[in-house]
Amino acid sequence: SLAASSMATFPAEAAALYSALVRLRVATTAQLLRAARDRESISSGSVDYLYGTGYIMFAYVWLRMGMVAHAKLKAGAKGDDAAFYRSKLAAMRFFFTRMMPMYRTHLALAAQPSSVVTALPREEILVR
């Protein structure tokens, strides 16, 4: 399975993805519970929720690409192919180090009360 093999090959990245998935599950449950009290919370947090989810999904895809690149290098890829797979691994590490952590900010923003978004009367938001 991806979980077992990635944990052995890329333990830091696999652990970060697992942690993100747990946080996403908690954030999703919290968002649904908030919606029961505040129906506007779904729409006011939707963009950030989707951004956060997107970073997590990209992490999954990058981890899969990293696993393929690792396997190809281990199988003896040479020349341009080896350089391509090494660059995939570098890009995967860049994503996990510099981009993936942004999911936390987006999930935190999605959890903010809708009053932050709905405080202004509609007529004051419209541009004339």
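The values are calculated or read from the model by the stated rules, or taken from the named source; none is laboratory data. Treat the numbers as computed from the prediction; the structure is a model and nothing was measured. Here Cβ is always computed from backbone atoms with ideal geometry, including for glycine, and neighbour counts include all displayed protein chains. Note: areas computed on protein heavy atoms with side chains; ligands, DNA, RNA excluded. Shrake-Rupley method; radii C 1.70, N 1.55, O 1.52, S 1.80 Å.
So, Tyr85, is that one at pLDDT 95 or above and in contact with a Lys or Arg (Cβ under 6 Å, 6 or more places away or on another chain) or not?
Numbers: at pLDDT 95 or above: yes; in contact with a Lys or Arg (Cβ under 6 Å, 6 or more places away or on another chain): yes.
Yes.
Can you confirm whether region 12-21 contains a residue that is within 17 Å of the chain's Cα centre (by Cα) and free of Cβ contacts under 8 Å to residues at least 12 places away in the same chain?
Checked region 12-21: at least one residue is within 17 Å of the chain's Cα centre (by Cα) and free of Cβ contacts under 8 Å to residues at least 12 places away in the same chain.
Of the residues Ala35, Ala82, only one is among the hydrophobic types (A, V, I, L, M, F, W, C), assigned to a helix (DSSP H, G or I), over 30 Å from Ala3 (Cα atoms) and without any contact (Cβ under 8 Å) to a residue 24 or more places away in the chain; which?
Just one listed residue meets the conditions, Ala35.
Please work out if Ser5 is surrounded by 13 or more Cβ atoms within 10 Å (Cβ to Cβ) and under 21 Å from Phe95 (Cα atoms).
It is true that Ser5 is surrounded by 13 or more Cβ atoms within 10 Å (Cβ to Cβ) and under 21 Å from Phe95 (Cα atoms).
Just checking, how many residues over region 68-112 are open to solvent by 70 Å² or more (accessible area, probe 1.4 Å), more than 22 Å from Gly54 (Cα to Cα) and aromatic (Phe, Trp, Tyr)?
1
Taking region 109-128, which residues are in contact (Cβ under 8 Å) with a residue 40 or more places away in the chain and not polar (S, T, N, Q)?
Hits for region 109-128 are Leu109, Ala110, Ala111, Pro113, Val116, Val117.
From the set of residues in region 113-128 that are part of a helix (DSSP H, G or I) and open to solvent by less than 100 Å² (accessible area, probe 1.4 Å), which is modelled with the highest pLDDT?
Looking at the filtered set, the residue picked out is Ser115.
Working carefully through the options Ile42, Ile56, find the one that is touching a Leu at 6+ places or on another chain (Cβ under 9 Å) and free of Cβ contacts under 8 Å to residues at least 24 places away in the same chain.
Details: Ile56 fails: free of Cβ contacts under 8 Å to residues at least 24 places away in the same chain.
None of the others qualify; the one that does is Ile42.
Return the residues of region 89-104 that are part of a helix (DSSP H, G or I), in contact (Cβ under 8 Å) with a residue 12 or more places away in the chain and out of contact with any His (no Cβ under 9 Å at 6 or more places or on another chain); say none if nothing qualifies. Can you show your working first?
The first filter runs over region 89-104 and keeps only residues part of a helix (DSSP H, G or I), leaving 89-99, 102-104.
This time we only want the ones that are in contact (Cβ under 8 Å) with a residue 12 or more places away in the chain, so: 89, 91-93, 95-96, 99, 102-104.
Once the filter is applied, which keeps residues that are part of a helix (DSSP H, G or I), in contact (Cβ under 8 Å) with a residue 12 or more places away in the chain and out of contact with any His (no Cβ under 9 Å at 6 or more places or on another chain), region 89-104 yields Ala91, Met92, Arg93, Phe95, Phe96, Met99, Met102, Tyr103, Arg104.
If you check Gly54, Gly45, Gly66, which single one turns out to be of a type outside the set (D, E, K, R), modelled with pLDDT under 95 and part of a helix (DSSP H, G or I)? Spell out how you get there, then give the answer.
Working: Gly54 fails: modelled with pLDDT under 95; Gly66 fails: modelled with pLDDT under 95.
Answer to the selection: Gly45.
Just to verify a result, which residue in region 12-42, among those that are at pLDDT below 95 and of a type outside the set (A, V, I, L, M, F, W, C), is surrounded by the most Cβ atoms within 10 Å (Cβ to Cβ)?
Taking the candidates together, the pick is Ser41.
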